[in-house]
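Just below is one structure, and these are the notes that go with it.
Readers should treat all values here as calculations from the given coordinates under stated rules, not as data from a laboratory. Here the structure is a predicted model, which is why all the values come from computation and not from measurement. Neighbour counts run over all protein chains shown; Cβ positions are idealised from the backbone, glycine included.
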Amino acid sequence: MRLDYLSIFPAYFDVLDISLVGKAAINGLVEIHAHDLRDWTHDRHRTVDDTPCGGGAGMVMKPDPWGEAFDEIIGTESDPSVHVIFPAPSGTPFTQSAAAELSSAQRIVFCCGRYEGIDHRVIDYARSMWTVHEVSLGDYVLNGGEVAALAITEAVVRLVPGFMGNPESLAEESFSAGQDGLLEYPLFTRPVSWRGLDVPEVLMSGHHGRIASWRRDESVRLTRERRPDLTDSDSSGIH
Ligand SMILES: N#Cc1c(-c2ccc3ccn(Cc4ccncc4)c3c2)n[nH]c1N
């Protein structure tokens, strides 16, 4: 899997070299390429933004640098196997199932906007050439797309076959298909007693059936408390 990041702050992605994603890069599972969008400007000030047509506050990212960067980084041929991701507050909420789908992609290009966003023609052009995803991390406002690109990268790469030492652990995580769309149950390890707080006795019983039942009950309880929106979905084990 090749991952490209287009941003006016490419140094944001240096962190990928020290993380597990960096290890995946060393193992050849992923290739990481960060690019400075300003490298595709031609004026002295390396301008990437301009005022919004129709007025309004803030600045909008000009289409020209994006188009020239696309030509050099992706090419000028249409290829639906290339996934181009535009993080945006107006995007579709990014989910674990979206991460799972992207984990089989061979090429992902993250377009990290800043200011008020990117000229919409850039997204329209990308849609005419590649598979585009306009996604949002959640209902809060960030200053740009870089943090979202990092979060999406981690969610996707950890699902790439060969990345996780123990792929079975993925099946028990919150939001995974194996968890019936429920939140993960509380976790405990040694010591059994810590500052007057004890590990639930059932977990020390060695009775696998009771342990499984306790864990399921806890997942259902937590999901009902914290994510009632998940309890109505068809994939959840609660109805
Ligand atoms: N994914 C995601 C996001 C973003 C996000 C993503 C890309 C850009 C580019 C520019 N901005 C700043 C901005 C733009 C418009 N309105 C308000 C702020 C961004 C925010 N904010 N919140 C999320 N969950």
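Here is how the numbers come out for the structure above:
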{"read-out": "One residue from Pro80, Pro89, Pro63 being touching a Lys or Arg at 6+ places or on another chain (Cβ under 9 Å) and in contact (Cβ under 8 Å) with a residue 12 or more places away in the chain", "value": "Pro63"}
{"read-out": "Failed item in (1) touching a helix residue (DSSP H, G or I) at 6+ places or on another chain (Cβ under 6 Å); (2) farther than 16 Å from Met61 by Cα; (3) outside any loop (DSSP other than H, G, I, E, B), with Phe110 passing the rest", "value": "(2)"}
{"read-out": "Among the residues listed as Pro65, Pro87, the single one being surrounded by 14 or more Cβ atoms within 10 Å (Cβ to Cβ) and touching a Cys at 6+ places or on another chain (Cβ under 7 Å)", "value": "Pro87"}
{"read-out": "Lone qualifier among Asp39, Asp49 - being within 14 Å of the ligand (Cβ to nearest atom), of a type in the set (D, E, K, R) and closer than 19 Å to Phe9 by Cβ", "value": "Asp49"}
{"read-out": "Candidate set from segment 175-217 (those that are touching a residue at least 40 places away in the same chain (Cβ under 8 Å) and in a helix (DSSP H, G or I)); member that is nearest to the chain's Cα centre (by Cα)", "value": "Ala177"}
{"read-out": "Where a residue in segment 17-28 is free of Cβ contacts under 8 Å to residues at least 24 places away in the same chain and more than 15 Å from Ala155 (Cα to Cα) and its partner, wherever it lies, is of a type in the set (A, V, I, L, M) and in a helix (DSSP H, G or I), with Cβ under 7 Å and at least six apart", "value": "none"}
{"read-out": "The one condition in (1) part of a helix (DSSP H, G or I); (2) within 15 Å of the ligand (Cβ to nearest atom) that Gly91 fails to fulfil", "value": "(1)"}
{"read-out": "Segment 94-106 - residue that is of a type in the set (Gly, Ala, Ser) and assigned to a loop (DSSP other than H, G, I, E, B) and, of those, farthest from the ligand (Cβ to nearest atom)", "value": "Ser104"}
{"read-out": "Any chance Asp64 is more than 16 Å from the ligand (Cβ to nearest atom), over 28 Å from Val160 (Cβ atoms) and part of a helix (DSSP H, G or I)", "value": "yes"}
{"read-out": "Val109 vs. criteria away from the ligand (no atom under 11 Å from the Cβ), under 19 Å from the mean Cα position of the chain (by Cα), crowded, with 20+ Cβ neighbours inside 10 Å and β-branched (Val, Ile, Thr)", "value": "yes"}
{"read-out": "Matching residues in segment 26-59 - criterion: being crowded, with 18+ Cβ neighbours inside 10 Å and aliphatic (A, V, I, L, M)", "value": "Val30, Ile32, Ala34, Leu37, Val48"}
